[in-house]
Amino acid sequence: MLFILIYPGAELNVKASGDPFRIISTVKITDIDTPVAGCAADSSANVSGTGITDGTAVLSWEPSDSIYQPGTVYTAVVVLRTEPGYRFDEHTTATVNGEAASMVVLNANGTMSVQTVFAATEGTSSTTDTTDTEPEAGQNDGFLFGIGIYSPASAIIFLLILLGGLAGIFLWRILRKE
């Protein structure tokens, strides 16, 4: 025996394929600020489209810097959820700030990840210079500075660090043949 229950006011939208969900065909994401070196990372975006859970989506960045770094390419990532009765499919498209998204991924849990890549921020990336340079006349090779609470144990640790540092400088100079 087959029973069909219909609740007053309920809307059942069954496609010919038997899919009881409405497919979300397009999603529009706006208000993602372009990354600018030295500025705080944007944290939200506006989302519009029928069947999307929330009009404001959480925005994450790859890399996940809280302050944009110079000379860095950033990818904005927005994960979207649907309202009951709706779903994304492999044909769902998305725009970000009026441009086609760089990547739209349909996740196994029914959410959709929308990614867009922004051009590198102005400036050069800050990398550590590991070039060995000679100190200029009157310039020290380095210094040791410490603040602590005196106790016999801390004095021993300080001496070990100091001796280790001196041994390191001595070995460094031997290796450089000074």
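Bear in mind that the values in this text are calculations on the coordinates, not laboratory data. Here the structure is a predicted model, which means the values were calculated and not measured. Using ideal geometry, Cβ is built from the backbone for each residue, glycine included, and neighbour counts are taken over all protein chains shown.
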Candidates TYR86, TYR74 - the one that is over 18 Å from THR121 (Cβ atoms), of a type in the set (Phe, Trp, Tyr) and touching a strand residue (DSSP E or B) at 6+ places or on another chain (Cβ under 7 Å): TYR86
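Going by the conditions given, is PRO35 touching a residue at least 60 places away in the same chain (Cβ under 8 Å) and either in a loop (DSSP other than H, G, I, E, B) or within 15 Å of VAL96 (Cα to Cα) (or both)?
On the way: touching a residue at least 60 places away in the same chain (Cβ under 8 Å): yes; either in a loop (DSSP other than H, G, I, E, B) or within 15 Å of VAL96 (Cα to Cα) (or both): yes.
For PRO35, the condition - touching a residue at least 60 places away in the same chain (Cβ under 8 Å) and either in a loop (DSSP other than H, G, I, E, B) or within 15 Å of VAL96 (Cα to Cα) (or both) - is met.
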Test set (1) assigned to a strand (DSSP E or B); (2) touching an Asp or Glu at 6+ places or on another chain (Cβ under 9 Å) - VAL58 fails condition number: (2)
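Considering MET112, MET103, which residue is surrounded by 12 or more Cβ atoms within 10 Å (Cβ to Cβ), in contact (Cβ under 8 Å) with a residue 24 or more places away in the chain and among the aliphatic types (A, V, I, L, M)?
Values: MET103 fails: in contact (Cβ under 8 Å) with a residue 24 or more places away in the chain.
Just one listed residue meets the conditions, MET112.
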Residue tally, condition surrounded by fewer than 17 Cβ atoms within 10 Å (Cβ to Cβ) and either in contact with a Leu (Cβ under 7 Å, 6 or more places away or on another chain) or among the basic types (Lys, Arg) (or both), over the stretch 43-73: 2
Any hit, the stretch 76-88, residues being assigned to a strand (DSSP E or B) and exposed (fewer than 13 other Cβ atoms within 10 Å of the Cβ): no
